[in-house]
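In what follows, a single structure is set out as structure tokens and then discussed.
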Amino acid sequence: MVFIYSFVSALGDVGKAIAIVLLVIQISGTGGIYLVEIMSQLFNVANPFIPMTYAITLVREAQWGLIWSNYLPALIILLVMVTATEIVMLIIKEKADKPAHYLEERMEDSGLF
């Protein structure tokens, strides 16, 4: 949710599109549905960088009993990703807020959206 809110807050409608693409990649590439090892090389490379990978690890550990050597690294990595996203999105929001609002106003004026 932090990633989606950050993208939408910083980039408006463009952020919504990025969030949808990120969601599709996360659902496919985290190993929650199929094993990542049997999927394409793209998902094998992207898997460590996708936040949902670590969220799924946390849920699995909570369901089947905690193994702290699996739980704590996943929790720490997820918290680092959230913190890094917030910092980066604050910087992007400062730079992209005015152009994003301008683009949204022009789209509303066009009558297409």
Original post:
When you go through (1) surrounded by 10 or more Cβ atoms within 10 Å (Cβ to Cβ); (2) at pLDDT below 90; (3) polar (S, T, N, Q) one by one for Thr83, which number turns out not to apply?
Top reply: (2)
**OP:** Tell me, yes or no, whether the range 23-40 has at least one residue that is β-branched (Val, Ile, Thr), over 15 Å from the mean Cα position of the chain (by Cα) and part of a loop (DSSP other than H, G, I, E, B).
**Re:** yes
**OP:** Please identify the pairs in which a residue from the range 87-113 that is at negative phi and in a helix (DSSP H, G or I) has its Cβ atom under 6 Å from the Cβ atom of a residue that is surrounded by 10 or more Cβ atoms within 10 Å (Cβ to Cβ) and among the hydrophobic types (A, V, I, L, M, F, W, C), counting only partners at least 6 apart or on another chain.
**Re:** Met89/Ala10; Ile92/Ala10; Lys93/Ala10; Ala96/Ala10; Ala96/Leu11; Ala100/Leu11
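The values are calculated or read from the model by the stated rules, or taken from the named source; none is laboratory data. Owing to the predicted nature of the structure, the values given are computational and were not obtained by experimental measurement. Ideal geometry is used to build each Cβ from the backbone, glycine not excepted, and the neighbour counts take in all protein chains shown.
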